[in-house]
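Working notes, beginning with the structure itself.
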Ligand SMILES: [Zn+2]
């Protein structure tokens, strides 16, 4: 069983589907019996939903370059 502290540490992994099945189950179990964590999970979902995804990071110039290169390639 997860503790409340552990839950807050893995919550983003849970929301992004990165937890193993066992971890996910104990996460859900904890959320079922723990009201504050349920509220916290709902809040996190709303936050992530509002942002559309994890916060966007600026694209590094070399990645942008690579994307542009591929894009030009497709056009030929
Ligand atoms: Zn809890």
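Brief remarks follow.
- Hits in region 1-14 - residues which are within 10 Å of the ligand (Cβ to nearest atom) and either surrounded by 12 or more Cβ atoms within 10 Å (Cβ to Cβ) or not in a loop (DSSP other than H, G, I, E, B) (or both): 2, 4, 5, 6, 7, 8
- Test: residue 17 is out of contact with any helix residue (DSSP H, G or I) (no Cβ under 7 Å at 6 or more places or on another chain), more than 16 Å from the ligand (Cβ to nearest atom), in a helix (DSSP H, G or I) and modelled with pLDDT of 90 or more: no
The values are calculated or read from the model by the stated rules, or taken from the named source; none is laboratory data. If you're wondering where the values come from, they're calculated on a predicted model, not measured in any experiment. For neighbour counting, all protein chains shown are included, and Cβ atoms are generated from backbone atoms with ideal geometry for every residue, glycine included.
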